[in-house]
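Inspection log for the structure reproduced underneath, given as structure tokens.
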Amino acid sequence: SASTLPPPDLGMPAARRTEAPSVAPAGNDQGRDGWLSDLLNRADTGPATPNGREAPRGRAAPAPQPQAPQGGGNPLESLSLDIGRLMDRNLAAEMWDRYQRGENKAFTKRLYTPAGQKAFDEVARKYRADRNFKGTVDRYVAEFERLLDEVARDGRGPQELRSHLISETGLVYTLLAHAAGRLG
């Protein structure tokens, strides 16, 4: 439930981090979507050092073992290491601001790096073609949206909401929701 979600990783000390909702695909996926489960379960922890700061780019800190088996050799497993390298965080913040002001087509593929565009296309394709994958994405998106609703309901302010949206967890949400057609 959303009440069990900790705060997002914004480069602050570990006590202020948000954990992503744990998403395990329904049924036995035989490891086909292990990369997504791995991504979703690691997005909250991201590459971090013991002092709570992000690890240097290009070198991932040890991550917890994934809940689902990893798909052997899936190129999208790299998503789990650093979602931030797939997207421009500043552009994501700008697009979220425009979206919240009511701009329907605020999100475009220019948000993504070339590797991010490939990941976006693969997620969008699998979302349309694979019912189990779609269910996994839908559960993650719904859980993150419950967290956002809770933040808004508690009156923590627009800055807190924005912080969640541009955190590592928020960037995963953005990629998944955008690829699923929920953001225009």
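Candidates in the range 135-157 are the residues that are in contact (Cβ under 8 Å) with a residue 40 or more places away in the chain and more than 15 Å from the chain's Cα centre (by Cα); of these, the one that is surrounded by the fewest Cβ atoms within 10 Å (Cβ to Cβ) is D149. Considering only the range 110-134, state which residues are surrounded by fewer than 16 Cβ atoms within 10 Å (Cβ to Cβ) and in a loop (DSSP other than H, G, I, E, B). T113, the sole residue that qualifies.
Scan the range 142-172 for residues that are in a helix (DSSP H, G or I) and either under 19 Å from D82 (Cα atoms) or small (G, A, S) (or both) and jot them down.
Here is the first cut: in the range 142-172, the ones in a helix (DSSP H, G or I) are 142-153, 158-166, 168-172.
Hits for the range 142-172 are A142, F144, A152, S163, H164, L165, I166, E168, T169, G170, L171, V172.
Residues in the range 45-67: is at least one at pLDDT below 95 and in a helix (DSSP H, G or I)? The answer is no; no qualifying residue exists.
The values are calculated or read from the model by the stated rules, or taken from the named source; none is laboratory data. The model shown is predicted, which means the values in this text are computed figures rather than measured ones. All Cβ positions, glycine included, derive from the backbone under ideal geometry; neighbour counts span all protein chains shown.
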